[in-house]
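Asker: Just dropping this structure here.
The values are calculated or read from the model by the stated rules, or taken from the named source; none is laboratory data. Being a predicted model, the structure only gives us computed values, none of them experimental. Quick reminder, even Gly has a Cβ in these numbers, built from the backbone with ideal geometry, and neighbours come from all protein chains shown.
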Amino acid sequence: MKPKDVIVYNLEQALDTGGCPLCHCLVAATKRYLTNLLYEFVNDPRTRDQLRAAGGFCREHSWVLQRMGDPLAHSIIYADLIDAFCTELDQNSGGPRGGHSLLRPEKAEAQRICAVCREEAAMEDRYVDGFCDALRSGDFRAKYRQAGCLCHPHFRKVYDRVRIKEEQTFLAEVQNAYLSRLSSELKEFIRKSDYRYAHELPGTERDAWIRAVRFWVGPLDVEA
């Protein structure tokens, strides 16, 4: 199966899980990437070079990896990062201010890009393209109309990339239908929060506020 076909297949399967299919696929892809990093590439020289150049991982992905365990892999990674930083300190110690490279905050921000963030961005771009391709399938459209919805960030990315007006209209119709239901549930939650209606049993609106957050910004991290 070609990579593009795999992406479309994954998106179709993700429609069965509810929520944003792009988020679901990216969470799964990131988990696979992190697992492979810890268990297969931690001793790969090229990977270690990339991690040193990036200064390690961003705060979010550092703790995501930590929660995945594997003390040995973490020891290897951070011993390498710490030794590289100590070497940098020795090389820059006592040197002129202009000679400080990654030790200068303004340069550190520009040069350090988390490897996981970079991989996620590349995967997201491929999946957005895959979703646009999937829109040309009648079967995918029918399934998406019944059970699909994109989170707010991914909807904006897909909608901006689609160039056919009819496809934009389709996306807007499905999105509006889902959001109308979600808005009604949020308002029902608000209504039942009034003491006059507190005796009414909660319904599907009980977790609408959580789904609203997930829709607006996407899941918290790869473990969401």
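Asker: Specify the residue that is surrounded by the most Cβ atoms within 10 Å (Cβ to Cβ); the eligible residues are those in region 113-130 that are part of a helix (DSSP H, G or I) and in contact with a Phe, Trp or Tyr (Cβ under 9 Å, 6 or more places away or on another chain). Lay out the reasoning, then the answer.
Answerer: The initial filter retains those residues of region 113-130 that are part of a helix (DSSP H, G or I), namely 115-130.
Subset that is in contact with a Phe, Trp or Tyr (Cβ under 9 Å, 6 or more places away or on another chain): 115-117, 119-120, 123.
On the way: A115: 18, V116: 21, C117: 15, E119: 16, E120: 18, M123: 19.
Residue satisfying both the conditions and the ranking: V116.
Asker: For the subset of region 176-208 comprising residues that are among the aliphatic types (A, V, I, L, M) and farther than 30 Å from Y144 by Cβ, which member is farthest from the chain's Cα centre (by Cα)? Give the steps one after another, and end with the answer.
Answerer: Keep residues of region 176-208 that are among the aliphatic types (A, V, I, L, M), which gives 177, 179, 182, 186, 190, 198, 201, 208.
Restricting the remaining residues to those that are farther than 30 Å from Y144 by Cβ gives 198, 201.
Numbers: A198: 37, L201: 35 Å.
Restricting to residues being among the aliphatic types (A, V, I, L, M) and farther than 30 Å from Y144 by Cβ, the top hit is A198.
Asker: Enumerate the pairs (first residue in region 16-28 and surrounded by 22 or more Cβ atoms within 10 Å (Cβ to Cβ); second residue anywhere and assigned to a loop (DSSP other than H, G, I, E, B) and at pLDDT below 90) with beta-carbon separation below 8 Å, excluding pairs fewer than 6 apart on the same chain, so at least 6 apart or on different chains.
Answerer: Note: pairs meeting the criteria are C20/C149; C20/G218; P21/G148; C23/G218; C23/P219.
Asker: Still on this structure, please answer the following. Does S62 satisfy being surrounded by fewer than 14 Cβ atoms within 10 Å (Cβ to Cβ), among the hydroxyl-bearing types (S, T, Y), at pLDDT 85 or above and not in a loop (DSSP other than H, G, I, E, B)?
Answerer: Details: surrounded by fewer than 14 Cβ atoms within 10 Å (Cβ to Cβ): no; among the hydroxyl-bearing types (S, T, Y): yes; at pLDDT 85 or above: yes; not in a loop (DSSP other than H, G, I, E, B): yes.
Considered against the rule, which asks whether it is surrounded by fewer than 14 Cβ atoms within 10 Å (Cβ to Cβ), among the hydroxyl-bearing types (S, T, Y), at pLDDT 85 or above and not in a loop (DSSP other than H, G, I, E, B), S62 comes out as no.
Asker: Same structure, new question: Quick check on region 29-46: of everything there that is over 15 Å from the mean Cα position of the chain (by Cα) and hydrophobic (A, V, I, L, M, F, W, C), which residue is surrounded by the most Cβ atoms within 10 Å (Cβ to Cβ)? Let's see the steps before the verdict.
Answerer: Step one: of region 29-46, the residues over 15 Å from the mean Cα position of the chain (by Cα) are 35-46.
In the following step, the residues that additionally are hydrophobic (A, V, I, L, M, F, W, C) were identified as 37-38, 41-42.
On the way: L37: 23, L38: 18, F41: 16, V42: 19.
Per the criteria, the residue is L37.
Asker: Quick check on region 143-161. Is at least one of its residues under 18 Å from T30 (Cα atoms) and either polar (S, T, N, Q) or not in a helix (DSSP H, G or I) (or both)?
Answerer: Going through region 143-161, the residues under 18 Å from T30 (Cα atoms) turn out to be 151, 153-154.
Within this subset, residues satisfying the condition of being either polar (S, T, N, Q) or not in a helix (DSSP H, G or I) (or both) are 151.
Yes - at least one qualifying residue is present in region 143-161.
Asker: So, one more: Does C58 meet the test of being without any contact (Cβ under 8 Å) to a residue 60 or more places away in the chain and closer than 30 Å to H152 by Cα? Full working, then the answer.
Answerer: Details: without any contact (Cβ under 8 Å) to a residue 60 or more places away in the chain: yes; closer than 30 Å to H152 by Cα: yes.
It is true that C58 is without any contact (Cβ under 8 Å) to a residue 60 or more places away in the chain and closer than 30 Å to H152 by Cα.
Asker: Identify, by number, the condition in (1) among the hydrophobic types (A, V, I, L, M, F, W, C); (2) part of a loop (DSSP other than H, G, I, E, B); (3) under 30 Å from N36 (Cβ atoms) that L201 doesn't meet.
Answerer: Only one criterion is unmet by L201, namely (3).
Asker: Could you list, in sequence order, all residues of region 65-80 that are buried (at least 17 other Cβ atoms within 10 Å of the Cβ) and of a type in the set (A, V, I, L, M, F, W, C)?
Answerer: Of everything in region 65-80, those that are buried (at least 17 other Cβ atoms within 10 Å of the Cβ) and of a type in the set (A, V, I, L, M, F, W, C) turn out to be L65, M68, A73, I77.
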